[in-house]
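Below is one structure, written out as structure tokens, with a few remarks after it.
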Amino acid sequence: MKRIGVLTSGGDSPGMNAAVRAVVRKAIYQEVEVFGIYNGYSGLISGKIEKLELGSVGDIIHRGGTKLYTARCPEFKTIEGRKKGIAQLEKFGIEGLVVIGGDGSYMGAKKLTEMGFPCVGVPGTIDNDIPGTDFTIGFDTALNTVIDAIDKIRDTATSHERTYVVEVMGRHAGDIALWSGLAGGAESILIPEADYDMGDIVSKLKRGHDRGKKHSIIIVAEGVGSGVDIGEKIERATGLETRVSVLGYIQRGGTPTAADRVLASRLGAYAVELLLEGKGGRCVGIQSNELVNHDILEILDQKHSVDQNMYKLSQELSI
Ligand code: ADP
């Protein structure tokens, strides 16, 4: 393989730039030419493709978002769309592709591979919801953003002796809620993977209030329901002044943490190694601090699950 391409697709996440940088530098180190494809699969179809040099990825390791931009591209779900994409790759003489994104992007990569074009997926999403890897690129940064917010909210919660409900991202996966709730010392953590009992939440809040607790923090993953609705229910049931904070898109941006930059660098370079070994249809990850790769199809068939032991621990520590 003498020419490879790289694109970022789906929702952006902090650390995607560090992954792009690693792909470009590792490829050039191996004397392989690299092409950047802009705006995800959309730019692949329209041919927004440009050769990248060592300097093209300078000064981006510390930047959030993605220099290659990203997009959702419904056309790529059609065979005609993918054929157009392959025609563009052939036009540029590109023989393999690194796709940095979430499970939707993996699906596109799998289908391209099935059509004879080798792709390797790199997990870039703040949700940490991709099977076959302990961590996804961007999760640690999002977590630290949430923790920073919780710590600030805690100050005002204490000053006013209020209960705060903090709604965090996670439509299907509770990782951001669970990890930030544990790290932020939340009273209750509501995740899509577990049923919650309003009676338990209320009695815990009342117990805390009765023993003189000045504040309480409840973390709600967006997939569980609206933080505003849950806040209203809590206020009605406890009679305690309750406020709601929906963190929203601030969780997707910002300077990637060191952990995310290192993870992105390792995974990006490893993806290039696999492509150069002629291995397409794979996705890379990290498990027990070892670089691993799996069949994309197998990974897409699996379901991500939160760490149940950690969930149990969060309950034990917030009695
Ligand atoms: P993420 O990668 O963050 O999960 P999406 O689910 O939006 O984000 O997927 C990103 C893009 O991947 C889509 O806009 C589309 O171009 C491509 N994609 C998603 N699902 C498929 C599919 N079934 N077949 C081909 N391409 C797909």
Margin query: What number does region 17-140 give for Rg over Rh if you use C-alpha atoms and the Kirkwood radius?
Written below: 0.94
Next item on the list: Assuming R0 = 51 Å, can you tell me the calculated FRET efficiency for the pair A183 and S56, based on Cβ-Cβ distance, to the nearest 0.05?
Entry: 0.90
Next item on the list: Would you please give the FRET efficiency between D301 and E80, computed as 1/(1 + (r/R0)^6) with r the Cβ-Cβ distance and R0 = 25 Å, to the nearest 0.05?
Entry: 0.45
Check: Ranking K48, K77, K303 by Cβ neighbours within 10 Å, fewest first, what do you get?
Finding: K303, K77, K48
Next item on the list: Provide the packing ranking of 105-118, 255-268, i.e. peptides ordered by the mean count of other C-beta atoms within 10 Å per residue, highest first.
Entry: 255-268, 105-118
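So if the hydrodynamic radius of the chain is defined as the Kirkwood radius over C-alpha pairs, what does Stokes-Einstein give as its diffusion coefficient at 10 °C and 1.306 mPa s, in µm² per second? Write down the numbers at each step before the final one.
Values: Rh = 20.5 Å.
Result for D is 78 µm²/s.
Give me the number: length gained by fully extending M1 to D134, i.e. 0.36 nm times residue separation minus the C-alpha to C-alpha distance, one decimal in nm. Kindly include the intermediate steps, with their values, before the conclusion.
Numbers: separation 133, 0.36 × 133 = 47.88 nm, distance 2.97 nm.
Length difference between fully extended and current span is 44.9 nm.
For R171 and D195, compute 0.36 nm times the residue count separating them, minus their Cα-Cα distance, and round to one decimal in nm.
Fully extending the segment from R171 to D195 adds 7.2 nm.
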Note to self: Based only on other Cβ atoms within 10 Å, what is the fewest-to-most ordering of S180, S245, S288, S56?
What the structure shows: S288, S56, S245, S180
Item checked: Simple spin-label estimate for V292 and T156 in nanometres, 7 Å along Cα-Cβ -> 4.2
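On a full-extension model of 0.36 nm per residue, what is the gain between I319 and Y249, subtracting their alpha-carbon distance, rounded to one decimal in nm? Write out the running numbers ahead of the final one.
Details: separation 70, 0.36 × 70 = 25.20 nm, distance 3.10 nm.
Result for the pair: 22.1 nm of gain on full extension.
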Note to self: For the chain, set up a GNM with springs between Cα atoms under 10 Å and report which of V99, V306, V23 has the largest fluctuation.
What the structure shows: V306
Check: Rounded if a/c is under 1.5, else prolate if a/b is larger than b/c, else oblate: which is region 1-88, with a ≥ b ≥ c the root eigenvalues of its Cα gyration tensor?
Finding: oblate
Notebook entry, point to check: Taking neighbour Cβ counts within 10 Å as the exposure measure, how do I286, I217 sort from fewest upward?
Noted result: I286, I217
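Between Y29 and K233, how high is the FRET efficiency from 1/(1 + (r/R0)^6) when r is the Cβ-Cβ distance and R₀ = 45 Å? Nearest 0.05. Present the calculation step by step, with values, prior to reporting the outcome.
On the way: r = 56 Å, r/R0 = 1.25.
For Y29 and K233, the calculated efficiency is 0.20.
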Notebook entry, point to check: Given region 277-318, what whole percent of its Cα pairs are spread farther than 13 Å?
Noted result: 69
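Using the Cα gyration tensor of region 47-110, with a ≥ b ≥ c the square roots of its eigenvalues, what is the shape: rounded (a/c below 1.5), prolate (a/b larger than b/c) or oblate (neither)?
Values: a/c = 2.39, a/b = 1.40, b/c = 1.71.
It comes out oblate by the Cα gyration axes.
Computed from the coordinates by the stated procedures, all read-outs in this text should not be read as laboratory data. Nothing here was measured: the structure is a model prediction, and the numbers come from that model. FYI the Cβ positions are ideal-geometry reconstructions off the backbone, even for glycines, and counts take in every protein chain you see.
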